[in-house]
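The values are calculated or read from the model by the stated rules, or taken from the named source; none is laboratory data. The shown structure was predicted, so the numbers you read here are calculated from the model rather than taken from an experiment. Quick reminder, even Gly has a Cβ in these numbers, built from the backbone with ideal geometry, and neighbours come from all protein chains shown. Quick note on the areas: whole protein, heavy atoms, side chains included, nothing else; ligands and nucleic acids left out. Shrake-Rupley method; radii C 1.70, N 1.55, O 1.52, S 1.80 Å.
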Amino acid sequence: MATFFRSANLASRVFDRQFLSPRPGATVNTVRQFYENLVPSYTICDIDCPDYSFRKFTDDGNYLVAFSRNHQDLIVYRPIWPTFSCNELCDSHDLPPKAKKFDSFFKQLYSISLASSNEYICKDFFLYMERHQFGLFATSTAQSNDTSATEGAIHGVPSIEKITFYLVRLDDGAILDEKAFRNDFINLAHSIGAYLYEDLLCIVSLRYQTIHVLQIRDSGNLVEVRKIGAFCQEDDELFLHSHGQAARGVSFLPGIKQRLLSFIFRKTWNEESDQTLRVQHLKKKFYFHFQDYVDLIIWKVQFLDRHHLFIKFGSVDGGVSRSTEQNLAFFAVYNMETTDIISLYQQNSSEELYSLFEYFYDHFHTNPQNSSHGNFISSHSNNVHALDQLRTIKNKANSTSQQFVKKMMASLPYTCQSQSPSPYFDLSLFRYDEKLISAIDRHRHCTEHPIKFISVKQPNVVKFKIKPGSDSGASDSRAKRISSFLFHPFFPLALSIQQTYMQPTVVNLHFRR
């Protein structure tokens, strides 16, 4: 990002903005440079707030989403800015007690019950449709360890009696529609099992190996427009029944698996041009691994655009467990219109896919086209500082480059809406320890020391600090403590939430005073 402002002084920058014009297409990035001066420099430790599980700010900044501790209720807040008056000069005094309360910064809009008595809200699952201000939430019953395969189900994949997705209008809390899945398994953690692209939503059934593609209508209805799994074309099932195949009990591989095997076969066939050697090559590369290919299941899916899906295939164990590093995995690009797999990559050794990941990461990281903030999330495709970081890590891992590629590819397909668009994570403006805090929505191990945000232009200047936990610092260092951070997409406002085993949650509020 080229320097537009001639001075680091805020007042001088305001005058510069008045008389100078940024280059075409650089207006937003130029405005974001103001955040070098507008930082959350003041902290209210252990703020007086309701005992809720705070999930995230929506990407347009209009709402803060929270859940009740019993995972039954949805609570939505509107961020507001505190107003108060002092009898004397406020600069020499602390904030008045009234201003240190949670409701000075957030106004509760409503609280609604989403889950029934035997269901619970998945606190990690939330997707936001900015154009209509719709929120997608999920509830589920307890997971069953019975992995016995029923008709059409994959053996080894657990079952959940009921999973329900709710579409809620966040402005007033109206439940517009719902979609239920019974005796199925969908990975709801961190919204892994679903992906939202514009008005299209895909939900991955791991147990029945089906990709459900739904459209979210302007009216708020969830309409299923396509199912990809056992059948790829809309009339595949009708065709089989009309030819009596199903009636005679003939068993077929699922349609998506047929497409995968056909692509691997053709790719292997074309690798050897000599007719005499081609059969041996097929035996070695295709038939020898045939059962391994047949046993692959869909792990995760994302949209690349309205017509193409990016699908990760792997073993049953890797699809259910949290760690997938030791499992064989493939990535496929699938065209929903032609029902063809048009490219395939292996996670362990695909330098070609890694090259696409490095130079064109933003094509995997698909943001809503009308998002005013999500399009400016830093990545190694659009930010030279992020690219330098990635290449430094790659050079350090030069002796184990295959493991490095595998580790980088583990983040694909991209998890929908998993990064904060806050300008304080813009690597052109600030440096920070990504082991302690980053734009990615994940819990972190708590540190004893404040997290520093350092100016990129002035490497020795600490612009602000974020300190989770109690201000007294009197905590048991042996207890496991984790922190999460919720940054507003454009206000100098953040929540740090520290959770310690068998102790109350500590919420700190960081803002510009």
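Among the conditions (1) surrounded by fewer than 17 Cβ atoms within 10 Å (Cβ to Cβ); (2) under 22 Å from Leu114 (Cβ atoms), Ser41 misses just one, which is (2).
Among the conditions (1) more than 25 Å from Leu38 (Cβ to Cβ); (2) of a type outside the set (Ser, Thr, Tyr); (3) open to solvent by 20 Å² or more (accessible area, probe 1.4 Å), the only one that Lys463 does not satisfy is (1).
Among what's in region 335-360 and is of a type outside the set (S, T, N, Q) and touching a Phe, Trp or Tyr at 6+ places or on another chain (Cβ under 6 Å), pick the residue that is modelled with the lowest pLDDT.
Leu353
Of the candidates Phe491, Phe487, the single residue that is closer than 29 Å to His365 by Cβ, out of contact with any Lys or Arg (no Cβ under 8 Å at 6 or more places or on another chain) and modelled with pLDDT of 95 or more is Phe487. May I ask you to verify whether Ile451 is in contact with a strand residue (DSSP E or B) (Cβ under 7 Å, 6 or more places away or on another chain), without any contact (Cβ under 8 Å) to a residue 40 or more places away in the chain and among the β-branched types (Val, Ile, Thr)? Here the answer is yes, as Ile451 does meet what is asked.
The single condition among (1) open to solvent by 60 Å² or more (accessible area, probe 1.4 Å); (2) in contact with a Lys or Arg (Cβ under 8 Å, 6 or more places away or on another chain); (3) of a type in the set (Gly, Ala, Ser) that Ser140 does not meet is (1). Of everything listed in (1) at pLDDT below 90; (2) assigned to a strand (DSSP E or B); (3) not aromatic (Phe, Trp, Tyr), the single unmet condition for Gln498 is (1).
Can you confirm whether Leu214 is under 26 Å from Tyr77 (Cβ atoms) and either touching a Leu at 6+ places or on another chain (Cβ under 8 Å) or modelled with pLDDT under 90 (or both)? In short, no.
Has region 211-229 got at least one residue that is in contact (Cβ under 8 Å) with a residue 60 or more places away in the chain, out of contact with any Ser or Thr (no Cβ under 6 Å at 6 or more places or on another chain), within 20 Å of Asp305 (Cβ to Cβ) and open to solvent by 20 Å² or more (accessible area, probe 1.4 Å)? Yes. Quickly run through region 167-206 and pick out the residues that are under 14 Å from Trp299 (Cβ atoms), touching a Leu at 6+ places or on another chain (Cβ under 9 Å) and among the hydroxyl-bearing types (Ser, Thr, Tyr). Tyr195 - this is the single residue of region 167-206 that is under 14 Å from Trp299 (Cβ atoms), touching a Leu at 6+ places or on another chain (Cβ under 9 Å) and among the hydroxyl-bearing types (Ser, Thr, Tyr). Number of residues in region 425-459 that are under 17 Å from His488 (Cα atoms), touching a helix residue (DSSP H, G or I) at 6+ places or on another chain (Cβ under 8 Å) and part of a strand (DSSP E or B): the value is 2. Of the residues examined, Tyr195 is not one that is of a type outside the set (A, V, I, L, M, F, W, C), modelled with pLDDT of 95 or more, in contact with an Asp or Glu (Cβ under 7 Å, 6 or more places away or on another chain) and closer than 27 Å to His365 by Cα.
Every listed requirement among (1) without any contact (Cβ under 8 Å) to a residue 60 or more places away in the chain; (2) part of a loop (DSSP other than H, G, I, E, B) is met by Ser483 save one, (2).
Contact map, region 385-411: residues that are farther than 18 Å from Asp426 by Cα and open to solvent by 70 Å² or more (accessible area, probe 1.4 Å) paired with residues that are of a type in the set (Asp, Glu) and modelled with pLDDT under 80, Cβ distance under 8 Å, separation 6+ or inter-chain. Pairs shown: Lys407/Glu325. Of the residues that sit in region 130-152 and are at pLDDT below 95 and not polar (S, T, N, Q), which one is nearest to Ile47 (Cα to Cα)? The extreme case among them is Glu130. Condition first: acidic (Asp, Glu) and open to solvent by less than 50 Å² (accessible area, probe 1.4 Å). Now tell me which residues in region 98-132 satisfy that. Of everything in region 98-132, those that are acidic (Asp, Glu) and open to solvent by less than 50 Å² (accessible area, probe 1.4 Å) turn out to be Glu119, Asp124, Glu130. Within region 413-433, residues that are under 24 Å from Gly135 (Cβ atoms) sit with their Cβ atoms under 7 Å from residues that are open to solvent by 10 Å² or more (accessible area, probe 1.4 Å) and among the β-branched types (Val, Ile, Thr), at 6+ positions apart or across chains, in these pairs: Thr415/Ile192; Ser418/Ile440; Gln419/Ile377; Gln419/Ile440; Pro421/Ile377.
Among the candidates His449, His510, the residue that is more than 27 Å from Ile192 (Cβ to Cβ), touching a Pro at 6+ places or on another chain (Cβ under 7 Å) and modelled with pLDDT of 85 or more is uniquely His510. Within region 268-290, residues that are among the aliphatic types (A, V, I, L, M) sit with their Cβ atoms under 8 Å from residues that are in a helix (DSSP H, G or I), at 6+ positions apart or across chains, in these pairs: Leu282/Phe265; Leu282/Thr268; Leu282/Trp269.
Determine if region 426-443 includes at least one residue that is among the hydroxyl-bearing types (Ser, Thr, Tyr), open to solvent by less than 10 Å² (accessible area, probe 1.4 Å) and either within 13 Å of the chain's Cα centre (by Cα) or within 24 Å of Thr58 (Cα to Cα) (or both).
Initial filter on region 426-443 (among the hydroxyl-bearing types (Ser, Thr, Tyr)): 428, 432, 438.
Filter again for open to solvent by less than 10 Å² (accessible area, probe 1.4 Å), leaving none.
No, region 426-443 has no match at all.
Quick one: which of Asp476, Asp471 is at pLDDT below 90, open to solvent by 50 Å² or more (accessible area, probe 1.4 Å) and closer than 24 Å to Pro82 by Cβ? Step by step, each of Asp476, Asp471 is checked, and only Asp471 is at pLDDT below 90, open to solvent by 50 Å² or more (accessible area, probe 1.4 Å) and closer than 24 Å to Pro82 by Cβ. Here Leu201 meets each of (1) assigned to a strand (DSSP E or B); (2) more than 23 Å from the chain's Cα centre (by Cα) with one exception, condition (2).
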